[in-house]
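None of the figures in this text is laboratory data; all of them are computed from the coordinates on show. It should be emphasised that the depicted structure is a prediction, and the values quoted were computed from it without experimental measurement. Please note: Cβ atoms are built from the backbone with ideal geometry, for glycine as well, and neighbour counts cover all protein chains shown.
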C-alpha cells in the first residue's frame, strides 16, 4: 500500500468520526433544548425575558425579580414544568403585568436574564421600555366572547378588554362587522405587549381572551 493511500484512508476515517461527533452533538443539543423549553413553553415570562433557552440558562432562580414586583405578579414555576421549576412567570388571570414605568423586575435581575425591552414596529418606529414589552400576544376565543352569539346565548355589548388595555385602540380595538349586531374586540399583535390586563378583566369564565407566550409564537 502506498503512503498516499494510507494518508487518504486516515483522512477518510478522521472525516467520518468528525461527522459522527457533529451529528451526536447536534442531537444532544436539540434534546437538551427540548427538555429545557418544552414544559416551560406555556409560561408567560417577565418583561424583558430572553428567548426561553437563554432565559432558563441565565436565570439563577434568585427571586429578585419576584421580590421587586410591586404588584406580586410574578410567581415561581412548579415542579410540573421540569427544568423550568422555580423560574418566574405570570398568570394573568391571577395577577397580570401592570407594565410599571421603571420595570423594577428587569432592573432587579443581576444575571441579564431580563433586559430592558426595545421593539421595532413594522412601520420602523422604535419603542423602548414598557410599551416595547413583548411577552406574548392576546388571542380572543369568539365562542366565549360576549360580543359573539353562541349556543344558548345572545350576543351583547362588551369592551372590557379594550378598557383594561394600557394601549387601548392601539393594541386592541373594537371593530364593527355588518354581519354582527355588536362590535368585536380585535388584537393588533404588533402593539400587544402580552401583559394580560385584558385577561384579568374579562368577565367570562373561562376568560374569552388569553395570552399566547412569545416562545409559542416563534
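Some values worked out for this structure:
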item	result
For the range 81-218: rounded, prolate or oblate by the Cα gyration tensor [a/c cutoff 1.5]	prolate
Cα gyration tensor, the range 31-145 - rounded (a/c under 1.5), prolate or oblate	rounded
Highest average packing first - 184-193, 67-76, Cβ atoms within 10 Å	184-193, 67-76
Label zone at residue 61, where the point sits 7 Å out along the Cα-to-Cβ direction: the range 73-97 residues whose backbone N lies under 18 Å	74-90
By average C-beta atoms within 10 angstrom, highest first, the peptides 43-51, 117-125	43-51, 117-125
The range 135-216, relative contact order in percent, only Cα pairs under 8 angstrom and at least six apart counted	42 percent
Calculated log₁₀ intensity ratio I(q)/I(0) where the Debye formula runs over C-alpha points of the range 135-216, q = 0.11, 0.17 Å⁻¹	-0.26, -0.61
Part-to-part distance (alpha-carbon centres) for the range 77-115 and the range 152-218, which is given in Å	23 Å
